[in-house]
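Asker: One structure, pasted below without further comment.
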Amino acid sequence: MENGTISLEVDADTARAFSAASPDERRKLELLLSLRLRELTVRRSRSLQEIMDEIGQQAEARGMTPELLEEFLRGK
């Protein structure tokens, strides 16, 4: 895989810590950041319907029923 370069603005303490790191530590940090950035930017976005379905499944697994939800929404 070909490498590219980006600039990131970080707080002063983080910049100092990175500058003070050994070349090996910097390489490891760069790899970790690269993997995390790729995960955040390349991963497929889920649709609102998928998110809502997942929330519904989790609620059901925790005992939420349509009747309980209705009571809750009506404030009873």
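The values are calculated or read from the model by the stated rules, or taken from the named source; none is laboratory data. For clarity, every value in this text was computed on a predicted model and none was experimentally measured. Glycine also receives a Cβ, built like all others from the backbone with ideal geometry; neighbour counts cover every protein chain displayed. Accessible surface areas use protein heavy atoms only, side chains included; no ligands, DNA or RNA. Shrake-Rupley method; radii C 1.70, N 1.55, O 1.52, S 1.80 Å.
Asker: Given the conditions (1) modelled with pLDDT of 90 or more; (2) outside any loop (DSSP other than H, G, I, E, B); (3) surrounded by fewer than 11 Cβ atoms within 10 Å (Cβ to Cβ), report the number of the one that residue 30 does not fulfil.
Answerer: Going through the list (1) modelled with pLDDT of 90 or more; (2) outside any loop (DSSP other than H, G, I, E, B); (3) surrounded by fewer than 11 Cβ atoms within 10 Å (Cβ to Cβ), residue 30 breaks only (3).
Asker: Looking at segment 37-61, which of the residues that are within 30 Å of residue 4 (Cα to Cα) and part of a helix (DSSP H, G or I) is least open to solvent (accessible area, probe 1.4 Å)?
Answerer: Only one residue tops the list, namely 37.
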